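Colleague: Submitted below is the structure of interest, expressed as structure tokens.
Read-outs throughout are calculated quantities, based only on the coordinates presented, and are distinct from any laboratory measurement. In this text the structure is predicted, and so the values were computed from the model without any measurement. Here the Cβ positions follow ideal geometry from the backbone for every residue, glycine too, while neighbour counts run over all protein chains shown.
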Amino acid sequence: MEREELIKKYNIDIDKLEKEQLKLAKELEIKDKIDFSLADKFGAIKNSFIQNKLLCCIIVCNKDYEIIDRAYSFGKIRFPYLAGFRAYRELPLMIEAFEKLNEKPDVILVPAQGIMHQRLGLASHFSLSVGTPVIGVANSIIDCKIKGEDILKKEKKVGKILVSKQGSNPMYISPGNLITIKTSEEICKNLINPPHKKPEPLHLAAKYTREVEKELG
């Protein structure tokens with residue numbers, strides 16, 4: 001279905017949502033909320049689509065990559081896929097899964113954009129919703145430039161490129177909220193556990209997602 005048809009079908013006020021994103025973006029704090037050298041609980045999220053439903057899985061692991069808590073939410077999708085508005089589709093179940101955790105992480109990795117989004121990335125929107133530092137680890141960039149290892153948006157640095165394994169595709173790291181670009185990159189680098197390319201919490205979240213998908217049939 002074309003974008004305009006989806007907007008009409010779901011009665012979506014795009015201008016209103018864009019204004020909301022821009023307003024929320026002003027609340028972002030791109031500074032370290034805590035001393036992340038002391039962080040010992042790392043969270044990660046993986047979202048998966050099963051027909052017309054969304055499965056959101058979240059794990060929390062320690063420094064040894066042992067899972068100390070995990071939870072998931074599964075429910076009907078109530079918002080269509082529209083580029084730039086991913087949060088309105090996925091955020092409700094992400095928040096629901098997070099709230100089921102007994103062990104809250106010091107920082108959460110989300111396979112999405114943070115401040116390099118043109119308005120408000122899913123990683124940023126999620127952090128504002130749950131009050132926890134979030135790092136966006138995306139597979140692609142939109143409307144940004146690359147200069148060396150830096151990601152620039154309107155000539156302002158908004159993230160870093162990370163290639164963890166020779167020959168592998170780059171990851172585009174950007175803070176969501178409550179953490180700096182520098183710390184986001186450092187944490188992602190420190191959480192690489194060869195031979196896995198992505199930070200280990202994301203790998204564990206993907207593995208947990210596959211387990212839940214089997215349970216759900």
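Colleague: Give a residue-ordered list of calculated ³J(HN,Hα) values for the range 128-143 (Karplus: 6.51 cos²θ - 1.76 cosθ + 1.60, θ = phi - 60°; whole Hz; x for Gly, Pro).
Modeller: Ordered by residue, 3J(HN,Hα) equals 4, 6, 10, x, 10, x, 9, 10, x, 10, 9, 8, 8, 10, 9, 6 Hz.
Colleague: Residue farthest toward the positive end of the dipole of the chain, with Cβ of Lys/Arg at +1 and Asp/Glu at -1: which of Leu17, Ile187, Thr209?
Modeller: Farthest along the dipole direction, towards plus: Leu17.
Colleague: With only alpha-carbon atoms in the gyration tensor, what are the semi-axes of the equivalent ellipsoid for the chain, in Å, largest first?
Modeller: Semi-axes, largest first: 25, 23, 16 Å.
Colleague: Quick one: among Ile77, Ile179, Ile50, which has the greatest mean-square fluctuation in a GNM of the chain with alpha-carbon springs under 10 angstrom?
Modeller: Judging by the Gaussian network model, the answer is Ile50.
Colleague: Indicate the gyration tensor shape class of the range 27-109 (rounded, prolate or oblate), computed on the Cα atoms with a ≥ b ≥ c the square roots of the eigenvalues: a/c under 1.5 is rounded; otherwise a/b larger than b/c is prolate and the rest oblate.
Modeller: Judged from the Cα gyration tensor, the range 27-109 comes out oblate (a/c at least 1.5, b/c at or above a/b).
Colleague: Moving on. When the chain is treated as a GNM, springs tying every alpha-carbon pair under 10 Å, which of Leu24, Leu202, Leu128 comes out with the largest mean-square fluctuation?
Modeller: Largest GNM mean-square fluctuation: Leu24.
Colleague: Something else: Fewest to most neighbouring Cβ within 10 Å: what's the order for His117, His203, His196?
Modeller: Listing His117, His203, His196 from fewest to most nearby Cβ atoms yields His196, His203, His117.
Colleague: Follow-up. Quick check: residue separation of Ile142 and Leu38 times 0.36 nm, minus the Cα distance between them. What number comes out in nm?
Modeller: 34.1 nm
Colleague: Right, next: All other residues with a Cβ under 12 Å from the Cβ of Cys144 taken together, and with Lys, Arg as +1 and Asp, Glu as -1, what is their net charge?
Modeller: Net of charged neighbours comes to +4.
Colleague: Once all Cα-Cα distances of the range 121-217 are split into 5 Å bins that start at 0, what whole-number percent is in each one?
Modeller: For the range 121-217, the pair-distance distribution reads 3, 13, 20, 23, 19, 13, 6, 3, 1, 0.
Colleague: 7 Å from Cα along Cα→Cβ at both Ile68 and Glu211: what's the point-to-point distance in nm?
Modeller: With each label point 7 Å from Cα toward Cβ, the separation is 1.7 nm.
Colleague: Right, something else. Mind telling me which of Glu200, Glu27, Glu99 comes out most flexible in a GNM of the chain, alpha-carbon contacts under 10 Å?
Modeller: The residue with the greatest mean-square fluctuation here is Glu27.
Colleague: Here's another thing I want to ask about it. In nanometres, what is the gap between the two model label sites at Lys53 and Lys154, each 7 Å from Cα along Cα-to-Cβ?
Modeller: About 4.2 nm, to one decimal.
Colleague: Moving to a separate point now. Counting pairs of alpha carbon atoms under 8 Å apart in space and at least six apart in sequence, what relative contact order in percent does the range 32-216 give?
Modeller: Relative contact order, the range 32-216: 21 percent.
Colleague: Is any residue of the range 47-65 close enough, with backbone N under 20 Å, to a label point placed 7 angstrom from the Cα of Asn190 along the Cα-Cβ axis, and if so, which?
Modeller: Flagged as within label range: 59-65.
Colleague: Continuing with the same structure: Hey, what do the phi angles of the range 181-197 turn into as Karplus ³J(HN,Hα) couplings, whole Hz, using 6.51/-1.76/1.60 and θ = phi - 60°, x for Gly and Pro?
Modeller: 4, 4, 5, 4, 5, 4, 4, 4, 4, 5, 9, 6, 10, x, x, 5, 7
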